[in-house]
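The values are calculated or read from the model by the stated rules, or taken from the named source; none is laboratory data. Since the structure is predicted, the reported quantities are computational estimates derived from the model, not experimental observations. So basically every Cβ, Gly included, is an ideal-geometry build from the backbone, and we count neighbours across all protein chains shown. Protein only, heavy atoms only, side chains kept; ligands, DNA and RNA dropped before computing areas. Shrake-Rupley method; radii C 1.70, N 1.55, O 1.52, S 1.80 Å.
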Amino acid sequence: MTQEEIIRPENKVYSRPDLLCDVHTHYCPGCSHGVVHKIIAQVLDEMGVADRTIGIAPVGCAVFAYNYIDVDWIEAAHGRAPALATAANRLNPGRLVFTYQGDGDLSAIGTAETIHACNRGENIAIIFINNAIYGMTGGQMAPTTLLGMKTATTPYGRRADLNGYPLAITPLLAQLDGTCYVTRQAVHTPAAVNKAKRAIRKAFENALAGKGTSVVEVVATCNSGWKMTPAQSNQWMAEHMFEKYPLGDLKDVESKTK
Amino acid sequence: MEEVKLMKGNEAIAHAAIRYGADGYFGYPITPQSEVLETLAELRPWETTGMVVLQAESEVAAINMVYGGAATGRAVMTSSSSPGVSLKQEGISYLAASELPALILNVMRGGPGLGTIQPSQADYFQATKGGGHGDYHLIVLAPSTVQEMADFVGLGFDLAFKYRTPAMILADGIVGQMMEKVVLPEQRPRRTEEELRAQCPWAACGRGDRDHRNVVTSLELQSDKMERNNERFQKTYRAIEANEVRYQEYFTDDAEYLIVAFGSVARICLKAIEDARAKGVKVGMLRPITLWPFPTAEIARLAKQVKGILTVELNAGQMIEDVRLSVEGTVPVHHFGRMGGMIPNPGEVLEALSACFTDLKF
Amino acid sequence: MAKVYGAVTIDTNRCKGCDLCVVSCPADVLLLQPQEVNDRGYHYAYAANPEKCIGCAACATVCPDACIEVYRVVEK
């Protein structure tokens, strides 16, 4: 069978999602953000809710998320995305409101807004990209940076006595009464990507159904910040990050009540 | 027949917000303005008009909730007092930069720092000169009565939506806490979804049947585009300066001396002026209602007629800078102020007048 | 036994040459161009061994730039 015979519309099994805007992203080659953007676009396409979705973009590498997914967006001040989402959702019933935040945005400067939005059980979805480093500002330490990990502000490796401990924030969020679904995913393999996509879909469905706050942490790479190739980064992540940030559901109220 | 009620200025704000048809209020308790949130909670507008009322986890969160709500085209507001308004400055700068309408109430208390919970006007600079980072202005309304507290909610929202820029009611602890007669505005319905989409085509409220997405952002990394954004903001500010200056004059027709005072202090000064006139001294007053835009031309006009100007403020001398800029050195401008919750009486104002202008004797 | 034929199309101008598709491909179909670069200077991915493709979409699934589309035919 020739290539021409195979490459026909009726044989297509994987397409670029319609909701992804026809632009080049500003992300570095191999950046996990691109994968997560893509699966968000796929989920919104599949759910058919693009007309009633409001995304809240963070400050950090994903600040321009609003240029890439073809839904309404509001760009938040650093860390404040859950506060914006709270109001956008409460004032506009029936909308799917989600935030997209990095580890600095969500677990450093925006800790208060994150915890309180989750504690109020806002009917929103929070997508949390944890790559253990500040990418946009040039690779400084994040709250989630592992001990020993070298960054621009921990050039000799993070030390607990100098810099404190790596912060696993999703287990904290899972303890709050307002969260209905808290899960930790990754996008380093095809299987992981598909699983993360299902988690995001579930989070979005929870938000629309008014079940409370859903949090999907995606343990991710920053190959530029980590100073590795994208493939090396995925390997390093699997070998080092998953020990501190193990993958899987931390809380799923639905499955518990059954 | 009009229904006259007796209530605090802070309570009047809450009633007026509901009656305006506001969509949301997001606040955090701080003295001396907590009655706004308390009154809203007691009135439960979410059961009547559908207005959202939420006690946020901080002033920072509250102003960012306002940002999120305003970005969807909703009429939203917050209130706080001086230290809390300092915390809100980041969000206010973002509101201005994203060209979002919103209403912010500052019931000023004495500062700096935690200062005191007593009335003050020491946030004049912060309110009128920017407050947060970047080149921007707020529309600043200064109420001197409980009636104006109620009226300026609607005025503030209307101006904010007309110019797509945040507006502030800059009240002080006296006007916030004082009980006075007030006629509340008629209840208006909240805007429907269709009205909102028609009036705010820029709102990021979900695409609906729009053929494009809306993005609300203050970020623009291309310098030439950012300069164009700034030029657009400035054009808006020039239009506001041209159209929205508000002030009230008292006894200025024959005045030989002029007092400039705003908010609650203007009421004290009015009594002082009546006392002065009883003694044959022709003093008048201009009370700026909009602190930004400032009534520059009106003060310059009066400066040609009077021998001198005294600004009376509950601060160390802030509005005096704008008065001096208005008169451009043509007449002497002096300041009299009390600070940290100390309120002058009319006699002190008269003493200040005669101390500043030696030919003036009472 | 059914035979599976696959094929990929790659938007080479969108590709950033990150290599993740190459690593994820179970059939050794893809490689990065050793010399050629696209408009933005990246050694883009291409199907070096297109006949080996099974249309599993692993490459497209991990692609951060959504520049791979996948086709599959199952011949019984």
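So which residues in the stretch A:117-168 are under 30 Å from A:Ala207 (Cα atoms) and open to solvent by 10 Å² or more (accessible area, probe 1.4 Å), if there are any at all? Full working, then the answer.
So the first thing to find is which residues in the stretch A:117-168 are under 30 Å from A:Ala207 (Cα atoms), and the list is A:117-136, A:142-145, A:166-168.
Those that are under 30 Å from A:Ala207 (Cα atoms) and open to solvent by 10 Å² or more (accessible area, probe 1.4 Å): A:Asn119, A:Arg120, A:Gly121, A:Asn123, A:Asn131, A:Tyr134, A:Gly135, A:Met136, A:Pro143, A:Pro166, A:Leu167, A:Ala168.
Does the stretch A:90-102 contain at least one residue that is among the small types (Gly, Ala, Ser), over 27 Å from A:Val187 (Cα atoms), without any contact (Cβ under 8 Å) to a residue 40 or more places away in the chain and within 12 Å of another protein chain (Cβ to nearest Cβ)?
So the first thing to find is which residues in the stretch A:90-102 are among the small types (Gly, Ala, Ser), and the list is A:94, A:102.
Still in the running and over 27 Å from A:Val187 (Cα atoms): A:94.
Pick out the ones that are also without any contact (Cβ under 8 Å) to a residue 40 or more places away in the chain and you get none.
No, the conditions are met nowhere in the stretch A:90-102.
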Every residue from the stretch C:40-64 that is under 16 Å from A:Ser15 (Cα atoms) and within 10 Å of the chain's Cα centre (by Cα): C:Gly55, C:Ala57, C:Ala58, C:Cys59, C:Ala60, C:Cys63
Residue match in the stretch B:287-299 (condition: outside the structural domain of B:Val146 (by TED's automatic domain parsing), surrounded by 17 or more Cβ atoms within 10 Å (Cβ to Cβ) and in contact with a Cys (Cβ under 6 Å, 6 or more places away or on another chain)): no
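Which of the residues spanning the stretch A:209-224 are open to solvent by 10 Å² or more (accessible area, probe 1.4 Å) and touching a Gly at 6+ places or on another chain (Cβ under 8 Å)? Before the answer, list the steps.
Our first condition is that a residue be open to solvent by 10 Å² or more (accessible area, probe 1.4 Å); within the stretch A:209-224, this holds for A:209-211, A:222-224.
If the condition is that a residue be open to solvent by 10 Å² or more (accessible area, probe 1.4 Å) and touching a Gly at 6+ places or on another chain (Cβ under 8 Å), then A:Cys222, A:Asn223, A:Ser224 are the ones that fit.
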Within the stretch B:124-136, considering residues that are more than 20 Å from B:Gly68 (Cα to Cα) and open to solvent by less than 20 Å² (accessible area, probe 1.4 Å), the one farthest from the chain's Cα centre (by Cα): B:Gly130
B:Lys307, sole failed condition from (1) open to solvent by 10 Å² or more (accessible area, probe 1.4 Å); (2) more than 20 Å from B:Ala255 (Cβ to Cβ): (2)
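Considering only residues of the stretch A:1-44 that are among the aliphatic types (A, V, I, L, M) and within 7 Å of chain C (Cβ to nearest Cβ), which is nearest to A:Val71 (Cα to Cα)? Quick ask: steps written out before the conclusion?
Within the stretch A:1-44, the first condition is being among the aliphatic types (A, V, I, L, M), and the residues that meet it are A:1, A:6-7, A:13, A:19-20, A:23, A:35-36, A:39-41, A:43-44.
Next cut, within 7 Å of chain C (Cβ to nearest Cβ) only: A:1, A:6-7, A:13, A:20, A:35.
On the way: A:Met1: 40, A:Ile6: 33, A:Ile7: 30, A:Val13: 24, A:Leu20: 9, A:Val35: 17 Å.
So the residue we want is A:Leu20.
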Identity of the residue in the stretch A:225-246, out of contact with any helix residue (DSSP H, G or I) (no Cβ under 8 Å at 6 or more places or on another chain) and open to solvent by 60 Å² or more (accessible area, probe 1.4 Å), that ends up nearest to the other protein chains (Cβ to nearest Cβ): A:Gln235
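So which residues in the stretch A:156-170 are free of Cβ contacts under 8 Å to residues at least 24 places away in the same chain and either part of a loop (DSSP other than H, G, I, E, B) or out of contact with any strand residue (DSSP E or B) (no Cβ under 9 Å at 6 or more places or on another chain) (or both)?
Filtering the stretch A:156-170 for residues free of Cβ contacts under 8 Å to residues at least 24 places away in the same chain gives A:156-165.
Those that are free of Cβ contacts under 8 Å to residues at least 24 places away in the same chain and either part of a loop (DSSP other than H, G, I, E, B) or out of contact with any strand residue (DSSP E or B) (no Cβ under 9 Å at 6 or more places or on another chain) (or both): A:Tyr156, A:Gly157, A:Arg158, A:Arg159, A:Ala160, A:Asp161, A:Gly164, A:Tyr165.
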Qualifying residue in the stretch B:27-34 (condition: within 14 Å of another protein chain (Cβ to nearest Cβ), without any contact (Cβ under 8 Å) to a residue 24 or more places away in the chain and of a type in the set (Phe, Trp, Tyr)): no
Among residues of the stretch B:51-71, those that are polar (S, T, N, Q) and at the interface with chain A (Cβ under 7 Å from one of its Cβ atoms), counted: 2
